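Just below is one structure, and these are the notes that go with it.
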Amino acid sequence: MNNKIPPPIVTFICGIAIYFSKTFFNQFFSYSNNTISLFLLILGLLVFISAVKSFRIHKTTVNPLEPRKASSLVTNGIFKFSRNPMYLGMLIILLSISFKFNLIGGIITSLFFYIFITKFQIIPEEVAMNELFGNEFIDYEKKTRRWI
């Protein structure tokens, strides 16, 4: 595994960076920012929680640092739409923080999160899933997008 930092910690660090980098960027606030931020926060939490519940139902590991310990390939529920809904939920939460505190800096930080998680978390997980589940994962990979 290339990433030794758990994705929730990466998300937290990015969220802190969004908040504290607000002095470096012009601020674009309107009353709709709070509404959009709240909507994205709820959406991100729902996506994330539904993914965790699916893993629990299938009795497989949710530990992102140990993908080779997966006992089953989850392809139903939210996983029909995204192969990585937990990371998608985290990204949506970062966008929520961006709309609330720092739109420009938040979009830049969210893009960094997207690239970092893809390179150091998702791609190594896909290698592990391919080793564990073979053709079943290859078929799933062909039908379902990595993010959305």
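Okay, here's what the table says:
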quantity	calculated
Per-residue HN-Hα couplings for the range 100-113 [Karplus 6.51, -1.76, 1.60; θ = phi - 60°; Hz; x = Gly/Pro]	6, 10, 6, 4, 5, x, x, 5, 5, 5, 5, 5, 4, 4
Charge sum, other residues only, whose C-beta stays under 13 Å from LEU65's C-beta, Lys/Arg counted +1 and Asp/Glu -1	+1
Sequence-distant residues sharing a close amide H with SER21 (under 5 Å, placed H)	none
At R0 = 35 Å, FRET efficiency that the Cβ-Cβ distance of ASN33 and LEU65 yields, to 0.05	0.50
Proximal charge balance of LYS80 [Cβ under 12 Å; K/R count +1, D/E count -1]	+3
Cα→Cβ-extended label distance, 7 Å offset, between ALA128 and ILE5, nm	1.8
Length released on extending from ILE49 to TYR19, taking residue separation times 0.36 nm less the Cα-Cα span	8.4 nm
Vicinal HN-Hα couplings computed from phi for the range 80-90 (Karplus, 6.51 cos²θ - 1.76 cosθ + 1.60; Hz; Gly/Pro x)	6, 9, 8, 6, 9, x, 5, 5, 4, x, 5
With all protein chains modelled, accessible area of LYS4 [1.4 Å, Å²]	150
Of the chymotrypsin sites (Phe, Trp or Tyr not before Pro) in the range 39-148, those whose Cβ has at most 16 other Cβ within 10 Å and which sit in DSSP loop	PHE81, TRP147
Net length gained if the chain between LEU111 and THR144 were fully extended (0.36 nm per residue, minus Cα distance)	9.7 nm
Per residue, in Å², the accessible surface of the chain once ligands and nucleic acids are set aside, probe 1.4 Å	59
Between helix 123-133 and the chain: long-axis angle, C-alpha atoms, 0 to 90°, nearest 10	20
Using alpha carbons only: equivalent-ellipsoid semi-axes of the chain, gyration tensor based, whole Å	30, 16, 12
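The values are calculated or read from the model by the stated rules, or taken from the named source; none is laboratory data. This one's a predicted model, so the numbers in the text were calculated from it and none came from an experiment. Cβ sites come from the backbone with ideal geometry, for glycine too, and all protein chains shown count toward neighbours. All accessible areas refer to the heavy atoms of the entire protein, side chains included, with ligands and DNA or RNA removed. Shrake-Rupley method; radii C 1.70, N 1.55, O 1.52, S 1.80 Å.
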